[in-house]
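Single-structure report; data block below.
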Amino acid sequence: MRKVKSARKLGRTATHRKATLASLSTQLLLHKRIETTEAKAKEASRYVEKIITKAKDGTVHAQRIIFRKIRDKAAIRELFEDIVGKVADRNGGYTRVVKLAPRYGDAAKMAVLELVDYTEAPMDAPKQAKQDRSKRVRGSKKAVTAPEKSEAVESAENETAASEKE
């Protein structure tokens, strides 16, 4: 009888999978946001959630346990100094997986894995007014009046005129 295993194999051996998840979680802790395939993002999310929950203890023992999984001092320092402080009141759900368009080369499902408390609201860019068709389309039917001179041409003409007067 087939037993359903909860973890994804990601097409790797056990040691390669362990190294991949450790690498993804290290980069997530350092950069707060990574782009990867959807399956890796979901699996790394589970991996990082457990690490952050363990780090909330704040003990030396917790640091040693986490250091077994993530072998990067900068990532662990970032985790214990910055990330744990921001997620102290949260009971899980430290990461978010946002699906993206498929990758161009092989059409793999892509996603962004990010820490929830570090997402920034997108900046509202001022909307540009729709450009006039005569300026957008070359050879448009609208009659274009005399072509406008560029500022550089005008300044050069002004300088030559001023030198002729002298």
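Values for this structure:
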{"item": "Whether the stretch 1-76 is rounded, prolate or oblate, judged on the alpha carbon gyration tensor where a/c under 1.5 counts as rounded", "result": "prolate"}
{"item": "Flagged links, alpha-carbon separation over 22 Å, of K42/K109; K18/K50; K9/K73; K5/K99", "result": "K9/K73; K5/K99"}
{"item": "Expected-Rg normalisation [2.2 N^0.38 Å, Cα atoms] applied to the stretch 49-99", "result": "1.12"}
{"item": "Inter-part distance where the stretch 23-49 and the stretch 71-114 are each reduced to a Cα centre, Å", "result": "5"}
{"item": "Segments 87-98, 24-35 sorted - mean Cβ within 10 Å per residue, highest first", "result": "24-35, 87-98"}
{"item": "Carbon plus sulfur fraction of accessible area for the stretch 1-63, probe 1.4 Å, in percent", "result": "54"}
{"item": "Tail beyond 15 Å, pair distance distribution of the stretch 1-41 (Cα, percent)", "result": "49"}
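The values are calculated or read from the model by the stated rules, or taken from the named source; none is laboratory data. Computed from a prediction, not measured in an experiment: that's the story for all the values here. When we count neighbours, we look across all protein chains shown, and the Cβ atoms used for this are built from the backbone with ideal geometry, even at glycine. Accessible surface areas use protein heavy atoms only, side chains included; no ligands, DNA or RNA. Shrake-Rupley method; radii C 1.70, N 1.55, O 1.52, S 1.80 Å.
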